1. Please tell me which of these pairs span more than 26 angstrom C-alpha to C-alpha: 100/353; 140/277; 49/298; 21/140; 21/136; 49/133?
2. Would you mind getting me the FRET efficiency between residue 226 and residue 90? Use the beta-carbon distance for r and R0 = 51 Å, nearest 0.05.
3. Report ³J(HN,Hα) in whole Hz for each residue of the range 262-276, in order, from the Karplus equation J = 6.51 cos²θ - 1.76 cosθ + 1.60 where θ = phi - 60°; Gly and Pro get x.
4. Can you compute 3J(HN,Hα) from phi for each residue in the range 68-74, using the Karplus curve 6.51 cos²θ - 1.76 cosθ + 1.60 with θ = phi - 60°, rounded to whole Hz and x for Gly and Pro?
5. Sequence-distant or interchain residues sharing an amide H contact under 5 Å with residue 87, placed H: which?
6. Taking K and R as +1 and D and E as -1, what net charge do the other residues with C-beta under 11 Å from the C-beta of residue 95 add up to?
7. With θ set to phi - 60° and the Karplus curve 6.51 cos²θ - 1.76 cosθ + 1.60, what are the ³J(HN,Hα) couplings of the range 112-121 in order, to the nearest whole Hz, using x for Gly and Pro?
8. Consider a paramagnetic label point 7 Å from the Cα of residue 131 along Cα→Cβ; state which residues of the range 83-113 have an amide N under 11 Å from it.
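Only the coordinates and a few stated rules stand behind these numbers; no lab work does. Since the model is a prediction, treat every value here as computed from it, not as a measurement. For neighbour counting, all protein chains shown are included, and Cβ atoms are generated from backbone atoms with ideal geometry for every residue, glycine included.
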Amino acid sequence: MKIIPKRKLQQQLQDKEYFSKETALTTLTGSYSYNHKTGFCFMDEIGKKVLQLPDNFELSIDSALTLFVDHRDAIRKFNNCLKGHSFENDIEMIDYNGHKFWVRASGKLLEDDLTGNTLGIRGVFVSIDRFIKQGKELEKRARLINVQNDRLIHFAHIISHNLRSHSSNLELTLETFADKNSDSEEAVFKSYIQDISKSLSQTLEHLNEVVTISTHEKNTDLVDIKSMFESVLEEHAPLLEHLEATIHYDFTALTHINYVSSFLRSIMTNLLSNAIKYRDLSRPLQIDVETICEKTKKLLVFKDNGIGIDLDRNGSKIFNMYGTFHDNDDARGVGLFLTKNQIESLGGDISVKSVLGEGSSFKVKF
């Protein structure tokens, strides 16, 4: 049986070199050094792994600078470090395959213990890309929540105003016709009541739709985009046929998506209805719909050849509640407001490009 002296065993348990290596491996912390006199550059195996450097990569001060997104900032940091100013900063780098990522890097001056002359610099770096991206995503979500809150506050003011208006109209109508004596007055009274009732119902319907978006459980299903769109087209088939509209659609780039089915139907219905409402009467309506995949982005693009929107005047208001920009009798300014809220509630976005007299293109980013 092998007997290990107690002192030697205690030294093994307290082996600083072991802990340093294990910490570096666990956190993927690389180390580097640069000899100011000879120009020699060194990077350990962990650092090469983080940067995806091949074994035959010739490390020099010039090749090392290609690994930084901001070359000038890297040169400034290293020159300042050689003057005795240490650094510890978040730096964006590029690995050998061209992928950008963030690291936490440090650099300190290395001097000769005997002469005090500057030898170079050395330091460590560790990937913090995951934390940076999570932070940016949280910032993005916070901005989105603030925008949605502002939009909902605006909506609440409008709904409150409308409800008070309907209430006042009803009260005034009842007072006016309290002593009605003729059949003609009764007919007018009923007409007023019907108009108020219809307006009140629409306001409550809009309120219900927005509340549903905010409180609806976001249960997603794998939705067949083509089948969904064809179902929406079927609902509008008589009108589209009457208008002799031409519909082109291509969903081969993205055939299915995990989404709230009712939201996708509503989005497609609102975009189709808008294209029909704001068609150019001087030419047949044409609508082109397609899905596009761009790297990590999944898009639904909806184009029409309608009368278009003056984005210089109305671009900032196009997705506002009751925002209408044309004189159509059936324009309500609700569809795009609801559509944007539905899309954003699931982490997406919608944008529009439009030219007056040429048409509009809506791009939904899932």
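1. Over 26 Å Cα-Cα: 100/353; 140/277; 49/298; 21/140; 21/136.
2. Efficiency, from the Cβ-Cβ distance: 0.70.
3. 5, 5, 5, 4, 5, 4, 5, 5, 5, 5, 5, 4, 4, 4, 6
4. Taking θ as phi minus 60°, the curve returns 10, 5, 9, 4, 4, 5, 5 Hz for the range 68-74.
5. Under 5 Å from the amide H of residue 87: 107.
6. Result for the local shell: +2.
7. Using θ = phi - 60°, the values come out as 6, 4, 8, 9, x, 6, 6, 9, x, 9 Hz.
8. It comes to 90, 103-105, nothing else.
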